[in-house]
Amino acid sequence: MPVAVITGGSKGLGRALGAALAGRGWDLVLGARSEGALKATAGELGRRHGTRVVAVAGDVRDQAHRRALVAAADRLGGLDLLVSNASALGAEPLVRLEVLPLAGLREALETNVVAALALVQEALPLLRASAAGAVAVVSSDAAVEPYATWGGYGASKAALDQLAAVLAQEEPGLRVWAVDPGDMATGLYAAAVPDDPAPRPDPDTVVPAFLRLLDQRPAGGRYTAEALLGAGRRAER
């Protein structure tokens, strides 16, 4: 069975993607900071889909946690997909750059960029050994659009996009994708903009975009869920 590691896997997009992969027979290693929620998610997905789902609680900024994630994948038989989904905003709720705490900016960069690269470095031997090794980093439209108050978070995601682009060039045997899922109803967004009453799509609605990448394995690059799903709908007509 193929094996995936998903950070931020206890809820939101990470949980939704894990459920979809488990439904396809994938074994999973899920990471997140909240041990209770993570174990509940892992147990539910394993029982529902009959696959092996391992919960590894911890902070992705912690080297020991990253090593534990990769070691768990190795025990399951290898690693075919690494999804860097864990993210930090830098401030909750978001604020203008003039008052953005520098400690918050450092947290966003450490979580969204430095830890993501460190996890890739840890996982590369297993990914290279896979016949279909792939890395998907979860980006944001804030990486390419200048939204007020999203400066710190957007800067971290822009840096993540660039790391993914370079990694795709340096590791031609892998597929490396930066995926912008678009607006979603997640706890992260609620923490970012708690007073926004506008309805947003459930994370389940963008999971087919990630599955399309896995099925079609296009060249490494930056993709939006909207474009991937639009292409799929046109092809199905």
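Every number in this text was worked out from the coordinates using simple rules, so none of it is lab data. Keep in mind the model is a prediction, meaning the values are calculated, not measured. Cβ atoms come from the backbone with ideal geometry, glycine included; neighbour counts cover every protein chain shown.
In 10 Å bins starting at 0, how do the alpha-carbon pair distances of the chain split up by percent?
The calculated distribution, bin by bin, is 8, 34, 39, 17, 2, 0.
Using a Förster distance of 25 Å, how high is the FRET efficiency between Asp202 and Met1, based on the Cβ-Cβ distance and rounded to 0.05?
About 0.40, to the nearest 0.05.
Applying the Karplus parametrisation 6.51 cos²θ - 1.76 cosθ + 1.60 with θ = phi - 60° to the phi angles of segment 178-189, what ³J(HN,Hα) value in whole Hz is obtained for each residue in order, glycine and proline being reported as x?
So the Karplus estimates, Gly and Pro as x, are 9, 10, 8, x, x, 4, 9, 7, 10, x, 4, 5 Hz.
Which one of Pro197, Ala142, Leu160 is farthest out on the positive end of the charge dipole of the chain, using unit charges on Cβ (Lys, Arg +1; Asp, Glu -1) and the Cα centre as origin?
Value: Leu160.
What is the Cα centroid distance between segment 100-141 and segment 1-75, reported in whole angstrom?
16
Please compute the contact order of segment 78-127 in relative form: average sequence separation of alpha-carbon pairs under 8 Å and at least six residues apart, divided by the residue count, as a percent.
Reported as a whole number, the value is 52 percent.
What are the extents of the Cα atoms of segment 111-179 along their three principal axes, listed from largest to smallest and rounded to whole Å?
43, 17, 15
Measure nothing but the geometry: give the 0 to 90° angle between the long axis through the Cα atoms of 207-216 and the longest principal axis through the Cα atoms of the chain, rounded to 10°.
Tilt of helix 207-216: around 50 degrees.
What FRET efficiency would be calculated for the residue pair Arg24, Asp183, taking the C-beta separation as r and a Förster radius of 25 Å, to the nearest 0.05?
With a Förster radius of 25 Å, E is 0.45.
Can you give the calculated 222 nm mean residue ellipticity of the chain, where each DSSP H run of n ≥ 4 adds -39,500 (n - 2.57) and the sum is split over every residue, rounded to the nearest 500 deg cm²/dmol?
-15000 deg cm²/dmol
What full-extension length gain, to one decimal in nm, is calculated for Ala64 and Ala40 as 0.36 nm per residue of separation minus the Cα-Cα distance?
Using 0.36 nm per residue and subtracting the Cα-Cα distance, I get 6.4 nm.
Which residue, Ala108, Ala64, Ala32, has the most motion in a Gaussian network model of the chain that connects Cα atoms within less than 10 Å?
Largest GNM mean-square fluctuation: Ala64.
About its Cα centre, how strong a charge dipole does the chain have in debye, to the nearest 20, once Lys and Arg get +1 and Asp and Glu get -1 at the Cβ?
720
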